[in-house]
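The values are calculated or read from the model by the stated rules, or taken from the named source; none is laboratory data. This structure is a prediction, so every number in the text was calculated from the model and none was measured. FYI the Cβ positions are ideal-geometry reconstructions off the backbone, even for glycines, and counts take in every protein chain you see. These accessible areas exclude ligands, DNA and RNA; they are computed on the full protein's heavy atoms, side chains included. Shrake-Rupley method; radii C 1.70, N 1.55, O 1.52, S 1.80 Å.
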Amino acid sequence: MSTNSRLIVAVVLSLGVVLAFGLLGDLWKDDPGSSGGGAEVAGAAAPAPDAASVATAAPPGVPSATVAETAPVVSPAPVAAEVEVPAAPAAPVSAQVEVPAAPAAPVSATEAGSASAPAPAAPPAATSPAQERREKLENGAVTALVSSRRGALVSWKLKEPRFDETVAGGRVPLDLAATVDGAMGLYCYQAADVQGNYADVCPDEYELRREGEVVVLEGVPRPGARVRVRQTLQLGTPDNPYVVRRSIFLAPAAAGQVVQNLVLWTSVAHPALREKSSGGFFSPAANTQNGLCRVNGELGRTEREDVSSGSRSHGSIGWVGVEDMYFLSALGFEKKDPPNRRDFCVLDVLGAEDRQPLRATLQFAPMDLSGERVFELVGHLGPKSLDLLRSVAVLGGLDEAVDFGWFGPLCIVMLRIMEFFYSLVSIWGVAIILLTVLVKLVLLPLTHWSTMSMRRMSALKPLLDEINEKYKDDKARKNQAVMDLYRTHKVNPLGGCFPLLLQMPIWIALYRMLGASTELYHVSFLYLPDLTRADPYYVLPVVLGISMFVQQKMTPTTVDSAQAKVMLYGMPIMFTVFMLFLPSGLNLYIFTNTLLSIAQQQIYNRLVPLPAVHAAKGTAPAPKPAAAADTAAGGERRGRSRRKR
């Protein structure tokens with residue numbers, strides 16, 4: 001077997017091993033008894049307090065353990081899982097559960113102004129729940145509803161039809177705030193006495209009014225409230241319609257009053273996805289969720305299955321968020337005051353809700369409020385498009401939520417090229433085809449050199465067969481003779497593999513790009529419903545396998561007939577199996593590249609003759625045709641007979 005064929009066979013076997021590994025990995029992920037059991041495992045990771053302890057449990061976001069004076073992070077506080085939560089957003093909320101439980105976060109003694117934070121008491125009961133009101137905000141991309149309860153966004157529906165999700169057999173707009181408490185509601189508590197019992201001192205009901213494109217929320221005073229709150233909320237920017245800006249104005253309810261150890265927080269959450277993750281090693285897993293915390297300039301990503309009561313970070317928080325493969329909800333400070341403030345990012349799973357949302361909470365550092373304070377927040381709730389995320393410049397590193405992996409730079413280059421072609425033809429499938437043609441043209445010089453090397457190798461096959469026969473019992477001399485032959489004719493035995501090896505990073509980069517770019521999400525082409533998912537009818541993988549068979553049939557070979565059959569039938573079958581699981585956009589790219597390679601090979605076969613060859617020094621010449629050899633032998637015998645006579 002030649003070196004070239006050995007390398008190709010090694011690549012095929014390696015791909016086979018990777019395929020087996022990927023399939024076994026998918027089976028392991030689907031095993032409900034494994035550690036990656038999905039949302040149920042994640043929900044169980046945050047145990048709920050029993051019913052007897054609910055009355056004295058810590059309010060959301062408030063630490064319940066004593067903090068060492070030198071330690072900025074403390075042991076986890078209970079995370080609500082089984083406590084009763086409010087009903088639908090429009091329904092009144094009972095006094096005991098009016099404030100939903102949220103994750104506890106660490107509090108440092110120096111920030112809180114106290115050496116310890118004893119276990120808090122339950123918030124005071126409200127006298128009567130007010131009727132909820134909602135205000136609608138809308139632009140070309142989003143329809144949002146702002147609630148009078150906590151000022152939360154209780155609906156955030158994306159208008160673009162390709163973002164719709166399937167519910168009960170129908171298509172409905174995707175809602176990124178479809179949780180009981182919505183998104184970006186404001187909560188605050190304060191240590192009310194020397195025992196450290198915490199009290200809800202902020203309004204939980206707001207009066208809503210419109211001022212142009214801005215919704216103004218005026219806090220409604222209630223018993224026990226020691227802080228006046230006013231909020232403003234505005235939707236979208238010219239560069240990003242999925243942005244929301246929120247301003248929070250805080251002041252003591254009474255002049256000259258100081259509210260000590262005040263803790264505020266707000267959060268975003270995504271419900272568990274409706275469909276079980278169908279992705280794996282060979283197809284992008286769209287049904288996955290991660291919690292994100294950008295702390296001290298670095299992005300931390302925690303998978304939903306790994307979220308627990310200890311999933312918290314402390315430091316300079318850039319932003320917090322929740323993501324799946326194609327969508328992101330994130331929020332952070334538009335401007336930090338003071339700039340060196342150290343806040344908290346807390347991740348938890350709300351196990352009490354039906355769809356067990358994954359939540360990311362931005363908890364402010366404890367403060368003493370003696371006058372008016374203003375906090376400016378900005379959030380992005382929408383698709384993970386690089387251009388959209390980079391437009392939110394105040395949230396540094398937001399584009400890092402798009403994870404292309406090791407081939408990130410190449411993925412971005414290919415995405416930009418495809419966007420350029422899309423701007424010309426307005427069809428993403430055609431843009432992929434044009435990208436394939438461009439890559440083929442860029443690699444044409446190398447492909448030409450490789451093809452000529454393969455043709456020279458094919459012309460040398462008679463000489464190689466003779467060398468194999470002559471030195472079949474002497475492997476060392478046979479290898480030396482083969483290398484001398486290659487050197488004489490300037491043939492690289494690995495030349496035929498270079499184009500394939502160069503295409504592999506492009507294929508991997510395209511695979512990663514299709515699995516993380518919302519530009520191609522739910523984009524159809526011809527009969528294909530989604531270029532980011534596998535072909536549901538298996539037409540393109542089968543056609544690709546047939547085209548690869550034709551390409552192998554036309555390609556010159558230097559191996560024996562048995563090895564040639566392995567390459568002729570094995571490679572197309574192997575690639576067909578791979579393509580059954582891979583995105584149809586990648587199928588389209590490889591199929592187009594194969595058709596171009598067939599056309600190129602046909603041109604070479606017709607227009608470029610096989611080069612003339614001669615034996616290398618020290619090797620036997622090429623064998624003569626049998627008829628000519630017999631004629632020459634017969635003539636020699638007749639000559640000797642005449643001389644005898």
(Q) Of all residues being of a type outside the set (A, V, I, L, M, F, W, C) and within 16 Å of VAL523 (Cβ to Cβ) in the range 422-453, which is least open to solvent (accessible area, probe 1.4 Å)? Just the residue, please. (A) GLY429
Q: May I ask you to list pairs of residues, at least six apart or on different chains, whose Cβ atoms are under 7 Å apart, with the first in the range 154-183 being more than 15 Å from PRO271 (Cα to Cα) and in a loop (DSSP other than H, G, I, E, B) and the second being open to solvent by less than 10 Å² (accessible area, probe 1.4 Å) and not acidic (Asp, Glu)?
A: LYS159/VAL142
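Confirm whether TYR187 is at pLDDT below 95, in contact with a Lys or Arg (Cβ under 9 Å, 6 or more places away or on another chain) and surrounded by 18 or more Cβ atoms within 10 Å (Cβ to Cβ).
Working: at pLDDT below 95: yes; in contact with a Lys or Arg (Cβ under 9 Å, 6 or more places away or on another chain): yes; surrounded by 18 or more Cβ atoms within 10 Å (Cβ to Cβ): yes.
Criteria met by TYR187.
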Q: Specify which of the listed residues (LEU377, LEU388, LEU444) is within 19 Å of the chain's Cα centre (by Cα) and either among the hydrophobic types (A, V, I, L, M, F, W, C) or at negative phi (or both).
A: LEU388
Q | For ALA360: the one exception among (1) of a type in the set (Gly, Ala, Ser); (2) within 30 Å of PHE591 (Cβ to Cβ); (3) at pLDDT 95 or above | A | (2)
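Being at pLDDT 90 or above and surrounded by fewer than 22 Cβ atoms within 10 Å (Cβ to Cβ) is the filter here; which residues of the range 404-413 pass it?
Selection gives PRO409, LEU410, ILE412, VAL413.
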Q: Answer yes or no as to whether LEU264 is open to solvent by less than 10 Å² (accessible area, probe 1.4 Å), modelled with pLDDT under 95 and not charged (D, E, K, R).
A: yes
Q: Tell me the helices (runs of 4 or more DSSP H) entirely within the range 455-547 that contain at least 3 residues that are over 27 Å from the mean Cα position of the chain (by Cα) and touching a residue at least 60 places away in the same chain (Cβ under 8 Å).
A: 461-470, 475-488
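Grab the strands (runs of 3 or more DSSP E) fully contained in the range 314-428, keeping just those with 1 or more residues being touching a helix residue (DSSP H, G or I) at 6+ places or on another chain (Cβ under 9 Å) and within 30 Å of ALA509 (Cβ to Cβ).
Numbers: elements: 317-323, 327-335, 343-349, 358-363, 367-369, 373-383.
Qualifying strands (runs of 3 or more DSSP E): 317-323, 327-335, 358-363, 373-383.
Please state which one of GLY169, GLY224, GLY236, GLY212 is at positive phi and under 26 Å from the mean Cα position of the chain (by Cα). So that I can check it myself, show each step before the final result.
On the way: GLY169 fails: under 26 Å from the mean Cα position of the chain (by Cα); GLY224 fails: under 26 Å from the mean Cα position of the chain (by Cα); GLY212 fails: under 26 Å from the mean Cα position of the chain (by Cα).
On inspection, the qualifying residue turns out to be GLY236.
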